[in-house]
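Asker: Pasting in a structure now, in structure tokens, and then I'll have a few things to ask.
The values are calculated or read from the model by the stated rules, or taken from the named source; none is laboratory data. These numbers come from a predicted model, not from an experiment. Neighbour counts are summed over all protein chains in view; Cβ atoms, including those assigned to glycine, are modelled from backbone coordinates with ideal geometry.
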Amino acid sequence: MKKKRPMNDSTGLPSQRFFFKCPAHDFHCGMRGFTRAAFEKMELQTTGMEFASEMVIKATFKKFKISEVPITLHPDGRSRPPHLKPWRDGWRHLRFMLLYSPRWLFLVPGLLLSALGIIFAAVLSVNDIKISGVQLNVGTLMMACMAVIVGFQLVAFAFFTGVFAIAEGLLPENPKFTRVFKIFTLEKGIIAGLAVLIAGTILLLRALWLWEQAHFGLLPSTEENLRRLIPAATLMILGIQGVFSSFFMSVLGLKTVSRRPPGVQSRSF
């Protein structure tokens, strides 16, 4: 179904093109035209000023034809001052677009953090790194492991948001996301999480065994002990997060009368 829409030709936020590849320049023009069939296919869910933004985003997702007609802006002639607040309403609009784009809000930052953290943690677990005269040791290892944990949580948030948004009709179903959602089932997530948890527990038990060899006294090298404990704790945290994130994902993926999670036939009119 094609949709034509006259819109203001003023310059809009560049984020709308970056996040959604939308051809429109202005998300906020109040003069719009669309067919009833197109309106029903958009399945709009929000209220308030988000309703207007959702209309443009949904039209882009569904590949409707969007046309803009330049207009001349005239003073409205009202005596009262504008009720819109640039900073508050601008942030409200940007926040809404970010929620509609979990890839850029959660997934990409999470993957970058995880990748950098894993690289540094893997190297620093064995030895120090010296870069341009700067010595990186167990302190950096701790921060790298923190990046891995935060990155994992952001990636999990990306999946949570995606499942919720699709189930509530806020986002259209994505075939790639649906395939991933079907592959990573609750049972597989639990097994993977337990495997990581066991790996961390083994590292912790090894650290305890080495401590026992020192008769539970002072170890020869505190730094070397931290190289064992920090990765062990990180793996255990990731394992626990993986298990319970899988349960939460399963809850979000439940089918109800009003909710259609990924992989379930969408609503019809």
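Asker: May I ask you to list the residues in segment 201-229 that are assigned to a loop (DSSP other than H, G, I, E, B) and aromatic (Phe, Trp, Tyr)?
Answerer: Keep residues of segment 201-229 that are assigned to a loop (DSSP other than H, G, I, E, B), which gives 214-221.
Answer for segment 201-229, where residues must be assigned to a loop (DSSP other than H, G, I, E, B) and aromatic (Phe, Trp, Tyr): just Phe216.
Asker: Test Thr256 against the criterion of being surrounded by fewer than 19 Cβ atoms within 10 Å (Cβ to Cβ) and touching a residue at least 12 places away in the same chain (Cβ under 8 Å), and give yes or no.
Answerer: Values: surrounded by fewer than 19 Cβ atoms within 10 Å (Cβ to Cβ): yes; touching a residue at least 12 places away in the same chain (Cβ under 8 Å): no.
Spelling it out, it is not the case that Thr256 is surrounded by fewer than 19 Cβ atoms within 10 Å (Cβ to Cβ) and touching a residue at least 12 places away in the same chain (Cβ under 8 Å).
Asker: Give me the pairs, please: first residue somewhere in segment 36-56 and in contact (Cβ under 8 Å) with a residue 60 or more places away in the chain, second residue anywhere and of a type in the set (Lys, Arg) and surrounded by 16 or more Cβ atoms within 10 Å (Cβ to Cβ), beta-carbon distance under 8 Å, and either six or more positions apart or on two chains.
Answerer: Going by the 8 Å Cβ cut-off, the qualifying pairs are Glu43/Lys58.
Asker: Another question, if that's okay. Residues being at pLDDT 85 or above, surrounded by fewer than 20 Cβ atoms within 10 Å (Cβ to Cβ) and over 30 Å from Glu168 (Cα atoms): count how many of those fall in segment 81-126.
Answerer: Total meeting the criteria: 9.
Asker: Separate question: Hey, does segment 61-69 have a residue that's within 29 Å of the chain's Cα centre (by Cα), under 17 Å from Met31 (Cβ atoms) and not in a loop (DSSP other than H, G, I, E, B)?
Answerer: The answer is no, given that none of the residues of segment 61-69 is within 29 Å of the chain's Cα centre (by Cα), under 17 Å from Met31 (Cβ atoms) and not in a loop (DSSP other than H, G, I, E, B).
Asker: Exactly one of these conditions fails for Val243: (1) crowded, with 17+ Cβ neighbours inside 10 Å; (2) among the hydrophobic types (A, V, I, L, M, F, W, C); (3) touching a residue at least 60 places away in the same chain (Cβ under 8 Å). Give me its number.
Answerer: (3)
Asker: Please list, ordered by first then second residue, the pairs with beta carbon atoms under 8 Å, 6 or more apart or interchain, first in segment 192-208 and hydroxyl-bearing (Ser, Thr, Tyr), second surrounded by 14 or more Cβ atoms within 10 Å (Cβ to Cβ) and part of a helix (DSSP H, G or I).
Answerer: Thr201/Ala232; Thr201/Met236
Asker: Can I ask one more? Phe247 passes all but one of (1) touching a helix residue (DSSP H, G or I) at 6+ places or on another chain (Cβ under 7 Å); (2) not in a helix (DSSP H, G or I); which number fails?
Answerer: Every listed condition holds for Phe247 apart from (2).
Asker: I'd like to check something: does segment 3-16 contain any residue that is surrounded by fewer than 17 Cβ atoms within 10 Å (Cβ to Cβ), modelled with pLDDT under 70 and in a helix (DSSP H, G or I)?
Answerer: Yes; the residues of segment 3-16 include at least one that is surrounded by fewer than 17 Cβ atoms within 10 Å (Cβ to Cβ), modelled with pLDDT under 70 and in a helix (DSSP H, G or I).
Asker: Taking Glu173, is it under 26 Å from Arg260 (Cβ atoms) and part of a loop (DSSP other than H, G, I, E, B)? Show your work before the answer.
Answerer: Working: under 26 Å from Arg260 (Cβ atoms): yes; part of a loop (DSSP other than H, G, I, E, B): yes.
Yes: the conditions hold for Glu173.
Asker: Check Ile66, Ile57 and return the single one that is buried (at least 17 other Cβ atoms within 10 Å of the Cβ) and either modelled with pLDDT under 75 or within 13 Å of Tyr100 (Cα to Cα) (or both).
Answerer: Ile57
Asker: Being within 30 Å of Val56 (Cβ to Cβ), surrounded by 13 or more Cβ atoms within 10 Å (Cβ to Cβ) and either polar (S, T, N, Q) or not assigned by TED's automatic domain parsing to the domain that holds Lys63 (or both), is that true of even one residue in segment 193-212?
Answerer: No - not one qualifying residue is present in segment 193-212.
Asker: May I ask you to verify whether Leu154 is in a helix (DSSP H, G or I) and crowded, with 19+ Cβ neighbours inside 10 Å?
Answerer: For Leu154, the condition - in a helix (DSSP H, G or I) and crowded, with 19+ Cβ neighbours inside 10 Å - is met.
Asker: From the list Ile166, Ile191, Ile198, pick out the single residue that is assigned to a helix (DSSP H, G or I) and modelled with pLDDT under 85.
Answerer: The conditions single out Ile166.
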